[in-house]
1. Show the residue pairs meeting these rules: Cβ distance below 9 Å; 6+ apart or different chains; first residue within the range 7-26 and within 18 Å of residue 63 (Cβ to Cβ) and in the same structural domain as residue 41 (by TED's automatic domain parsing); second residue of a type in the set (A, V, I, L, M) and in a loop (DSSP other than H, G, I, E, B).
2. For the range 22-36, give me the residue count where each residue is of a type outside the set (D, E, K, R), in contact with a helix residue (DSSP H, G or I) (Cβ under 8 Å, 6 or more places away or on another chain) and surrounded by fewer than 17 Cβ atoms within 10 Å (Cβ to Cβ).
3. What helices (runs of 4 or more DSSP H), lying completely within the range 12-93, carry at least 2 residues that are closer than 20 Å to residue 199 by Cα?
4. So is residue 71 of a type outside the set (A, V, I, L, M, F, W, C) and out of contact with any Cys (no Cβ under 9 Å at 6 or more places or on another chain) or not?
5. Suppose the filter is surrounded by 21 or more Cβ atoms within 10 Å (Cβ to Cβ) and either more than 17 Å from residue 22 (Cα to Cα) or more than 14 Å from the chain's Cα centre (by Cα) (or both); does residue 216 pass it?
6. Listed residues 173, 145; which is more than 11 Å from the chain's Cα centre (by Cα) and within 20 Å of residue 70 (Cβ to Cβ)?
7. Can you tell me which residue among 140, 194, 144, 201 is modelled with pLDDT of 95 or more, over 30 Å from residue 73 (Cα atoms) and surrounded by 18 or more Cβ atoms within 10 Å (Cβ to Cβ)?
8. Restricted to the range 104-121, and to residues that are touching a residue at least 40 places away in the same chain (Cβ under 8 Å) and assigned to a helix (DSSP H, G or I), which residue is nearest to residue 169 (Cα to Cα)?
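The values are calculated or read from the model by the stated rules, or taken from the named source; none is laboratory data. Keep in mind that what you see is a predicted model, and the values were worked out from it rather than measured. Note that each Cβ is placed from the backbone with ideal geometry, even for glycine, and that neighbours are counted across all protein chains shown.
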Amino acid sequence: MTTALTEQTLGTLACLIPGATRVFRQYKLDFCCGGNTPLRDAAQQRSLDAEAIAGELAALQSAPTAEPDWRSEPASTLIDHVLERFHERHREQFPELIRLANRVEQVHGNKADCPIGLAEHLWTMQQELESHMLKEEQILFPMLRRNIQLPQTQGPIAVMRYEHDQHGAALERLAELTHDITLPANACNTWCALYRGLEELRNDLMQHIHLENNILFVNAAAH
């Protein structure tokens, strides 16, 4: 059973097993932009035990869940969820994170582990993500709601996938600036609040990209 799971891609497993994304984040496996990689290969790249991870996933499979199977939901239902759960949330997250990052840099800029440049990086992420979300809201999502099919949607979807890869690269840069969002010893309350918010942002953005790349866009291409 677990061997069969190791042969499936991270994106498929993230769709198939509620809670799988939490396990993947724990092991730092990229299930959104790297969703086409089989679990066995992804684990090997990070020197992890694929069978052990598959065992955790198998345990999740047998547990009850309240999360809907988004693969079988209409596109409009998933779009509504993405807009409410992720687009609105990202717009709330960035202004406060930028404020906190600026504060940490101003007060602790002389410390070796201070994330110098984080506020500027978050501002750039905010601009790029806002542009991306507007394109989805104004162009692609209305097309998918009207059930417009290939080839008309192929171009917009390709652009969104490309930009998702850029968001993934931005998350990698965020991890570099913050030692993988690891607090230094004796961090102040502002620093703690900043890194808690960054962890939430990373989790949200990865789940957001996963739902679009591995479900919404795949379903659109299948019609």
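1. Matching pairs, first to second residue: 18/63; 18/66; 19/63; 23/17; 23/29.
2. 2
3. 20-26
4. Answer is no for this residue.
5. yes
6. 145
7. Only one candidate passes the filter, namely 194.
8. Within the range 104-121, the match that is nearest to residue 169 (Cα to Cα) is 121.
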